Every structure is written in structure tokens, then in C-alpha cells.
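Working notes for the structure below.
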Amino acid sequence: MGQTLFDRVWESHLVQRAEGQPELLYVDLHLVHEVTSPQAFEGLRVAGRRVRRPDLTLATMDHNVVTGDDTPMDELSAQQLEALAQNCAEFGVPLYETGSGREGIVHVIGPELGLTQPGMTIVCGDSHTSTHGAFGALAFGIGTSEVEHVLATQTLQQNKPRSMRIYFEGELPEGVTAKDIVLAAIGRLGVDGGVGYVIEYAGPVIEQLSMEGRLTICNMSIEAGARAGMIAPDETTFAYLEGRPGAPKGAAWEQALERWRTLPTDDDAVFDQELVIDVSGLGSQVTWGTNPGMVVPIDGVVPDPASMEDADERAATERALAYMALEPGTPIRDIEVGRVFIGSCTNSRIEDLRAAAAVVRGHHVHPSVRAMVVPGSAQVKQQAEAEGLDRIFVDAGFEWRRAGCSMCLGMNPDVLAPGERCASTSNRNFEGRQGAGGRTHLVSPAVAAATAIAGHFADARELVPA
Amino acid sequence: MKAFRKVTSHALALDRPDVDTDQIIPKQFLKRIERSGFGEFLFFDWRKDPGFELNRPEAKGAQILVAGRNFGCGSSREHAPWALQDYGFEAVIAPSFGDIFRQNSLKIGLLPVRLPSEQVKELMTRADAGDEITVDLEARTAGGFPFELDDFTRECLLEGLDDIALTLRDEPSLTAYESAHAAPIATNAL
Ligand code: SF4
């Protein structure tokens, strides 16, 4: 029987396997940010341990970072950033701090620096570490105790998850994006459909996606409960990587290519579960509830709990609608928003900003909307400015900000006020995620851009050409 | 890690699915750099509702939480199990858990117990009636129902073992792996 991509990466990183025990898995790259690491470094200090492989560890500042000039950083945030800087200095961990020019959201800078490569194992104290799987790496989020374990040993004790393949076929309609594909898939699977699994996304639709699109899809694997998402590396992957600072050079590049080409899943490999999704006829997606699986096409309506047979589902829907202040049967397009956020590790890469700018160009943000664009990294910001995208956004009335997590989770000054409704390109619409009492609707960058202009949910088709 | 052997207590039922870690401990409390003191912020926003389960008189002193499926989904924040443990919970029983939450809980000695939905429903009824429930890790039972947990993890929990020390004991395997596999990257050489 053949092997899957996941099997190959897993097997090649086993340090130890013993009966009745979790396996010991070697970690090739450990990414660190300020929120989930202080207690781990403290643990090392207390036990008198060192960081085993600082050369396989990289830290950045993202969650607490202030992205605008309007508010200063609060004291606790400043302390947390200071603690990271001190810990990195003490333990010899390379750090891209604010202002270094290489800082940004941890899941944006790994790929951008060429550190995220096919066949690697990558972990970070952050659930969206699944993002890096877009390169054919096995990448997943861990908690602080495990961060400490990786710092001290460069390994993790893990039980091997099961495998699932989601095969996307059909013709992707114009204007429908990777974000819509993954939201629709989570809608199908449910927010716990992937629990215990590593998902491989495959099929012609995935093969045609850019690296940015693939990163968006793998990013949201955790929203279906999956440990990780993976996509087989191919020419698109290699073209993206070549020449980046962390990528192999010269003869080493040729050797790496040879190795990477052996990674994809064998034709006769068997997955524990398989799902096929036809994307023909798929529309732009908008979430209406308080988890990412509560999603409908933009042409749809807010669902009616009364029509649901399952009592748990009905109760959850009623709770969600009450929180979101939505009436069953309301057309999605009729829902007005007050805020628009384009950013986060799901959709803040250069291609996302290009897609949003293409919609925005020549239009103006609706007078009742406050809209912001937050690039995922200092380098994305620089690139966007070189292409003049910042001008397009600013001329249209968007705020153009510095890199960071920003309003994805509101650990910094960018938060929704209670009751505010936001079209957001981020990944979580949990209660209070973007600010206590805030109401989040997840959408693609193109829909977020059109919505900012229309003042209610809209896609680009709807805007009168400027 | 805190050792876990056996706990007998009345229980609190939280009968809703997909309780995410953003609800268990909202983001504004993640800025602390300590491991302790999160209990008072547990379910911070939901607790503002006087009808919320944790505000009921029977919640006082409950050491066992009985919850709906996919408990602890979402963010990897270990602050969520820290908050539950700091508040006084020793075990959480649910039909399923978010993977990272479950792993984090096991690492700190907060016991996540997976039971079939019908059994969880029954325990919720018993919790609402104020009955005491026993979670016994040695016997691998909760409220009399057997649950699964691998021997190694059970041993670590029973003894409160430091898993980093366990891994480091295997230094020869670590070094052998490292000398056989050249690192694909060097973060300090960019
Ligand atoms: S952008 Fe949002 S989801 Fe991504 S790492 Fe930052 S806070 Fe987490």
C-alpha cells in the first residue's frame, strides 16, 4: 500500500517509537510569538534548561503590536513584547522585532522568508500554524507546555492523527476565491468534522491555486477542528520558494527539488476518510453565526432555527442569531456593516491585497463604514506600497496600517465596539473575538472590499464600474 | 505537572456544543506572563449573564465540568485549561474535545475525559440533580462509565511526571537523529 504525503513527513521525523507511548517527532522549525511563549521560557529558566536548537527557532512580534498611530500600546502588551525580547536575547533565539523590516504575523513571515519548505515539520504556539501545510509541510499548533518541550528538546510527543483527503473538483466560478472554497468546506464538514485528522487538500482546483490561495485554505484547517492541513508541493510551490532568503541555493536547491518531488501522496495510498467537493456553482461565502461552519453563500439568507430538526443545532443557531442580532430569513446582502477589516494570517498577503485593491479602485468607502487594511508583514506592506496599492486604499477612504494581527483578535487597540458589525477577512467569528460584543462575518478580501463600498454585504459584480 | 488520581465532587453541566477557548478565557487576559491567576477570568463574558451556568449556586466547589461536544475548540491558548484548573476544576467530561485543548489539558494535569454523548447527557442530568460523580484515573472510569486513555499518558498523569525530563533521558536518540538528518534551514543565518 502506498504512502500519503502526511505519512512520509511523519515517518521521516520519528525519533522514537515505542509500544503504548506517543511517538517522538522531531521539529524542523519552531516559530515563536509573544503571547504563548513567556511561561515556556520561564519554565526553562526554573528548570535550568537551555533552548536546544536556537538555529531552528524564530520569534516575531505580532499579536499585541499597534498597527496605527492613533493609540499607544497598553502597559501589559509592552511588558509581553519586552519579555519576548529579553527571552530571545537570554536564550539566543533569533527575533524579528517591530521595526526590523522582517516582522509580521508569524504565519506570513515563515513562508515569505523561505523558511517554510516541503516535507518539514513546523510547530508554533498558535492554532493557525496549519497555514504552513500549503507547502507540503506538516505544521500544527501547540500549547505553552509543548512550546517549552520543543524549546528544550526540539521534539514533541505525539500520537499520529488520522488522515483525511478533501478532493476539490469542478470549475471555480469567476470571482470565487480560496477563502470561499475553505469556508464552504468547513460548512460541509462542521467545526468538529476534522477533529483528530490531518487533512490533505487535493484535486485540480487546488493545483490551480497560487501559494497565497493554498495558504488561505490550509490556514483554516483548524476551523474544521483538524490538527493540520497539507497540500502536495508542485511547480507552483517551487517557483514561490526559489530565491527566498531561507531557501536552499545552487546544488542544494537541485537536491532539495529532487527530494520534494518524491513527497506527494501515492496513487494507491488509502486515507481514513475521503470527501469530494465540486466547486462548480460555488458562490462567495459569508458567515452569519458565531463559528466558521455557520456559513451561507452571499446570495443566501440567514437560516431559520425553527426549520432545524436537531435540538442541539437549533439551540446553537438560536444563541448565535441572538448574539449576532440577526433575523431568520434576512437576505445576506441586506445586512449592513459598520466596519471592514482586511488582514490576518488568512488573507493579508500581497495577492489578497491586490484582489481587494482591484475591487476598490476608483470607488469610495461607504460613509457609514470604517474600513482598514492591515498587511500581514512588513515585507507585504513594502511590496504593496511599491505597487501603489496603498494609494488605492487610502484614496478610497481605507486606513492603511502597519503589519500585525490587528483586529483579527483584538489584543491590540484595533477592536470592535460592543454591537459593531464587521466584514472581516480573518478566520474566527467566535463571540467577542474581535472585541467584546462585536459581531464578525467572515468573507474573502474581494467581498470585504465590495462590502466596504456598498455598506452592506456585496460582491464585486454588484458595484457599478467606476 | 500536577498529578491526577481520583476526584469525587458534584459536577457542573455546561450543555452547549463547540465552546471555544476564546470564551473560556478571552484575549484580554492573555497578556499576562505568569501561569497562574486566570481562574477569576474564566468565561469572563458569559459570566456577565446572571443565568450562566457558572453563576448557579451548585457551581460552587464543583471540581468536574460536564460539557457538550467539541469542548475547547479554536485557539491553542493553554490559558484555557490553566483558567479551568485555577478556578478549581480537576476534570472535564465531554463527547469530544478540540485537539490542542485536550493535549494542553493532559500536559497540566486537568483530565479531559471522552465519553459517548448519551453517557455525557446522563452525567449532565446527574450533575443538575446535585449528585456527586467520581472520576478515577487509576480505574479509568468517570461516573461509573469506563473511558479510554493510553497507558503512558495515564502513568504520566498519575505520577505528575515532567515529560521534558522523560524526553531528555533519551538524549542518545535525539543526537542520533540530529547527526543523521541535516537541518533544512538555519534561522540564524538569514
Ligand atoms: S492573525 Fe489572527 S489568527 Fe493569525 S496569528 Fe494573528 S491572531 Fe492568530
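Details
- Accessible surface for A:Ile335 stands near 10 Å², nearest 10, in the context of the full protein assembly shown (1.4 Å probe).
- C-alpha center-to-center spacing [segment B:15-58, segment A:149-167] in angstrom: 28 Å
- Counted residue by residue at 0.36 nm each, then reduced by the alpha carbon distance between them, the extension gain from A:Arg162 to A:Glu75 reaches 27.0 nm.
- Between B:Asp162 and A:Gln255, the distance separating the two model label sites (each 7 Å from Cα on the Cα→Cβ line) works out to 3.8 nm.
- Computed with every protein chain present, the accessible area of B:Thr175 is close to 60 Å² [probe 1.4 Å].
- By the rule of a C-alpha distance below 29 Å, with chain neighbours fewer than 8 residues away ignored, the lysines paired with A:Lys381 are A:Lys179, A:Lys249, B:Lys27, B:Lys31.
- Gyration tensor verdict on segment B:45-127 (Cα atoms; rounded if a/c is under 1.5, prolate if a/b is larger than b/c, oblate otherwise): oblate
- Secondary-structure-derived ellipticity at 222 nm for chain A, considering helices only, amounts to -9000 deg cm²/dmol, per-run term -39500 (n - 2.57) for DSSP H runs with n ≥ 4.
- Considering only GluC sites (Glu not before Pro) in DSSP loops that have at most 13 other Cβ atoms within 10 Å, the longest stretch of chain B without any of them is B:35-137.
- A DSSP coil position with no more than 15 other Cβ atoms inside 10 Å describes the following trypsin sites (Lys or Arg not before Pro) in segment A:8-91: A:Arg17, A:Arg50.
- Calculated [θ] (222 nm, deg cm²/dmol) that DSSP helices of n ≥ 4 give over chain B, each run adding -39,500 (n - 2.57): -8500 deg cm²/dmol
- Loop-resident sites, segment A:208-244, for GluC sites (Glu not before Pro), counting at most 14 other Cβ within 10 Å (DSSP): A:Glu242
- Label sites at A:Val394 and B:Met1, each approximated as a point 7 angstrom past Cα along Cα to Cβ, lie 5.2 nm apart.
- The DSSP beta bridges internal to the protein assembly as shown are antiparallel in roughly 30% of cases.
- Reducing segment A:177-221 and segment B:116-190 to their Cα centroids gives an inter-centroid distance of 29 Å.
- Which of A:Val415, A:Val373, A:Val15 is most accessible, then next, and so on - probe 1.4 Å: A:Val415, A:Val15, A:Val373
- Compactness index (Cα Rg / 2.2 N^0.38 Å), the protein assembly as shown: 0.91
- For chain A, hydrophobic long helices are taken as DSSP H runs at least 20 Å long by C-alpha position along their axis with mean Kyte-Doolittle hydropathy of 1.6 or more; none is present.
- Rg and Dmax of segment B:6-180, based on Cα coordinates, read 17.1, 60 Å.
- Cα-only Debye scattering, segment B:93-190: base-10 log of I(q)/I(0) at q = 0.17, 0.18, 0.23 Å⁻¹: -0.86, -0.92, -1.21
- The trypsin sites (Lys or Arg not before Pro) of segment B:37-75 that meet both conditions, a loop assignment by DSSP and at most 13 other Cβ atoms within 10 Å of the site Cβ, are B:Lys60.
The values are calculated or read from the model by the stated rules, or taken from the named source; none is laboratory data. Bear in mind the structure is a predicted one, so any value in this text is a computation, not a measurement. All Cβ positions, glycine included, derive from the backbone under ideal geometry; neighbour counts span all protein chains shown. All accessible areas refer to the heavy atoms of the entire protein, side chains included, with ligands and DNA or RNA removed. Shrake-Rupley method; radii C 1.70, N 1.55, O 1.52, S 1.80 Å.
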